[in-house]
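Undergrad: Please read through the structure below; I'll follow up with questions.
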Amino acid sequence: MTSRWMTMALAGLIAGPALAQQAADAVTTEGTASGVIEGLSAEAQQAVEAKLAGEPVTAQDWMVAAANPLAVEAGAEVLRAGGTAADAMVAVQTVLGLVEPQSSGLGGGAFLVWYDAESGEVTTLDGRETAPMEATPTYFQDENGEPLSFWDAVVGGRSVGTPGTPALLEEAHARWGNQEWAGLFDRAIALAEDGFTVSPRLAGLVAEEPEDRLPRFDATAAYFYPGGEPIAEGDTLTNQAYADVLRAMAADGATAFYSGPVAQAIVDVVRLNGGLLSIEDFATYDVIQRNAVCVPYRDADVCGMGPPSSGALTVGQILGMLEEFDLAAMGTDSAEAWTLIGDASRLAFADRGRYMADSDFVPMPTKGLVAEDYLSMRAGMLDPSTALETVEPGEPAWDHAMLLGDDVSLELPSTSHISIVDGMGNALSMTTTIENGFGSRLFVQGFLLNNELTDFSFATHEDGRPIANRVEPGKRPRSSMAPTIVMRDGAPLLVIGSPGGSRIIGYVTQGIVNYLDWGMDPQQAAAAPHLVNRFGTFDIEQGTSAADLEGPLQEAGFETELRDLTSGLHIIALEDGQLVGGADPRREGIALGE
Ligand code: GLY
C-alpha cells in the first residue's frame, strides 16, 4: 500500500469518542490534500473526500457503496438512469472484475441478499463456486493421505471451482432488473478497452506477490508484469480479452461463459495445472435460491446468507448471545463488552467448525443453531470479567444424531462487498470473491480464476468422525461471507458486508453492534478499530485505540495479537427517509448517492 492509502487507512480509523476528533483532524489535514483520484466525477471525488474526513455520505433516492470509485460510478450511472439495484450490481461487478481483479470477478463466486420493495421479502441467491464432479474427499491430500500445504493447494488448477458469478449476474438481472442487459456492460467494456488507472492497492498487492505465485504463470505474468515489471500505481492498463468476454456475455448472456470457447479455455488451463474441472461442470452450474437466515437482535432482524455460507448463522449466533447483555451501557472502550463479544464469537466459531457446510450435502441443524433458547443457554456461559477457559461446540436441537469432527480449514482475507439501495427502495447486499488475493493465480481470457475449493477442509475426518466441510463432488465449500440486510419493522435499516476471509464474521458483527448498540453513523461504524476473536486469540487492530484494550483483555485471560485487520465494510443505513452511507477507510471504496 502506498503512503496516500496508508494515510487514509490509518488516519481514518475512528478511535473511540476520545480520539475521534484527532482521527478526523488527521484525515482532514493529510488525506484530503492527497486524496484526488484522476478521472473521477466531481460527485465521486466529493465522496472520496467525505470518507477522508470521516463523514458519512447522504442521499435521498439511491446509493451504492463498493470497493473502487470507478465501479461505484458505473453503478451510480445505472441507478441515475432509473435502474434497479440488480442492474447496478451488474455494472459494479463487471468493473470491479477489471479494476480490483485480485478480489472478485467472472472467475469467482458470490452470495447476494435482496430486499424486494414490492413484496417486502428478503431473498438470497447462492452463486458459490462448486467442486468438480471428478473431485473426491481426498482431493487436497497427498499420496500418503496427508493434507497438502496450503499454498501448494491454492496456486494452480486444483483449487479452482466452477465459477458462479456470471450466472448470478444473469439470474439477478432476470429476476429484478429493469434495464437492458447488454447496456450494463458498457462501462466495463469501455474501461477495459480505453484503459483504467491502476490503483495503489492493486499495484501494492502485485508488488508484494512472491515469485512462485502471481508471476509463475505466463498469461498471468504478461498482464500483471508487462515487460517483466509489476504494474505500478497510476499506470493505464487495458484488457482486451476481458472486454471480449464481456461483449460475448452482453450479446448472449451467461451461456457465453458456461459453454463454448470461454468455458473450454478455463477447463484447459485448469486441467493443465492439476485441476479437475470439466465442460460438464460448467454445463450443469446453477444459481440456487435459498431462504434467508434471520436472527432477532435488539429491535431488528439481521438477515443474511445461510449454508453453504457460515456467515449469517455465525453472525446470528454471536448477536443472539450478545442480545442478553447491555453493550450500549458498557460502551465501545469497555473490556467487559469485548470479553463478551470475543467469547460469544469463540463459541459461535466452535459450532461453525463442527456443523456448518453445504447443507445440500450434509445434514445441518440450521434452525437449532440460531434458536433463541439454544443461544440463551450458550450466552449463560459468558462472563464479562473473565475469558472462557475452554470452548466446545454445543448441541443444538437437531433431527439427526450425527457425530461430526471439527474443521480447521484456513481462509485468507480477500473478497469484495457491494451494498446498493435503488430509487424503488430495493436493497442489495452482495459479497463477491475469488477467495485468496489473486485467487489461484491462473489468468484466463482477461480474468483470474478462483481458489475457492481451498475453503473446504483438507482433512476428511477428525478422530474417526467425518468433517461436514469435507470435499465432495458438486459440493460448495463453506464460506464466511456475510452479506447482510438488517430489517426493522419490515423495512431495511442497514445494508452491510465486508471482505476479510473468516474475519468477515467479526467485521460484520462489529459493524452491526457499532450502529445498533453504540450509535455510530455508517462511516464511523465502517472505520471503528477492530477486535476479532475466532479461534481463541484476540486479534487487535494495531495502530488504533483498540490497542489500549490489549492489557485488560490479557488480564481477562485472552491471548492477544496486534495486527492489521483490513476489513472492507460498505454500509448503507436507511434512516427517516434518508440514505446514509459509509465506506471502509482501510480500502479504496466509496459510498455515492443522490
Ligand atoms: N473465500 C472467502 C469466503 O467465502 O468466505
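Coordinate-derived values only; no laboratory data. Note that this is a predicted model, so its numbers are computed, not measured. A quick note on method: Cβ atoms are made from the backbone with ideal geometry, for glycine too, and the neighbour counts reach across all protein chains shown.
Undergrad: Just report the Cα centroid separation between the range 431-453 and the range 144-160, whole Å.
TA: Comparing the Cα centres of the range 431-453 and the range 144-160, I get a distance of 15 Å.
Undergrad: Neighbour counts of other C-beta atoms within 10 Å: give me 435, 193, 561 arranged from fewest to most.
TA: In increasing order of surrounding Cβ atoms, one gets 561, 193, 435.
Undergrad: Expressed as a rounded percentage, what relative contact order does the range 159-262 have, with Cα pairs under 8 Å and six or more residues apart?
TA: 36 percent
Undergrad: Oh, and also: Select from the range 257-357 those trypsin sites (Lys or Arg not before Pro) which occupy a DSSP coil region and have at most 15 other Cβ atoms within 10 Å, ordered by residue number.
TA: In loop regions of the range 257-357 (DSSP not H, G, I, E or B), there are no sparsely surrounded trypsin sites (Lys or Arg not before Pro).
Undergrad: Here's another thing I want to ask about it. Restrict the search to the range 322-425; then list the GluC sites (Glu not before Pro) that DSSP places in a loop and that have at most 16 other Cβ atoms within 10 Å of their Cβ.
TA: Taking the range 322-425 and a limit of 16 other Cβ atoms within 10 Å, the loop GluC sites (Glu not before Pro) found are 324, 389.
Undergrad: Let me ask you something else. Can you pull the semi-axes for the range 54-118, root of five times each eigenvalue of the Cα gyration tensor, sorted largest first, whole Å?
TA: Working through the eigenvalues yields semi-axes of 20, 15, 12 Å.
Undergrad: Okay, moving on. With charges set only on the Cβ (+1 for Lys and Arg, -1 for Asp and Glu), what does the dipole of the range 148-262 come to about its Cα centre, in debye to the nearest 20?
TA: With Lys and Arg at +1 and Asp and Glu at -1, about 320 debye.
Undergrad: Give me Rg/Rg_expected for the range 459-594, where Rg uses Cα atoms only and Rg_expected = 2.2 N^0.38 Å with N residues.
TA: Against the compact-globule rule of thumb, the ratio is 1.24.
Undergrad: What number, rounded to the nearest 500 deg cm²/dmol, is the helix-based mean residue ellipticity at 222 nm of the chain, given -39500 (n - 2.57) per DSSP H run of at least four residues and division by all its residues?
TA: After summing the helix terms and dividing by the residues of the chain, the value is -10000 deg cm²/dmol.
Undergrad: Something else: How many angstrom lie between the Cα centre of the range 513-572 and the Cα centre of the range 242-277?
TA: Measuring centre to centre over Cα atoms gives 41 Å.
Undergrad: Compute log10 of I(q)/I(0) for the range 116-259 with the Debye formula, placing one identical point scatterer on every Cα and leaving out solvent, at q = 0.10, 0.11, 0.17 Å⁻¹, to two decimals.
TA: Reported log10 I(q)/I(0), two decimals: -0.54, -0.65, -1.19.
Undergrad: At a 10 Å Cβ-Cβ cut-off, how would you order 231, 505, fewest neighbours first?
TA: Fewest to most other Cβ atoms nearby, the residues stand as 231, 505.
Undergrad: Still on this structure, please answer the following. From the residues 199, 530, 270, which one has its Cα farthest along the dipole of the chain in the positive direction, the dipole being from +1 and -1 charges on Cβ of Lys/Arg and Asp/Glu about the Cα centre?
TA: 270
Undergrad: Something else about it: Taking chymotrypsin sites (Phe, Trp or Tyr not before Pro) as candidate sites, keep only those in a DSSP loop with at most 16 other Cβ atoms within 10 Å, then name the longest stretch of the chain containing none of them.
TA: That would be 1-397.
Undergrad: I'd like the projected area of the chain, averaged over all directions, using the convex hull of its alpha carbons. Report it in nm² with one decimal.
TA: If you wrap the Cα atoms of the chain in a convex hull and average its projections, you get 23.7 nm².
Undergrad: Dipole size in debye (nearest 20) for the chain around its Cα centre, Lys and Arg Cβ +1, Asp and Glu Cβ -1?
TA: That gives the chain a dipole magnitude of about 620 debye.
Undergrad: Another question, then. Would you mind calculating the relative contact order of the chain from Cα pairs under 8 angstrom and at least 6 residues apart, reporting the percent as a whole number?
TA: Taking the mean separation of contacting Cα pairs over the length of the chain, I get 24 percent.
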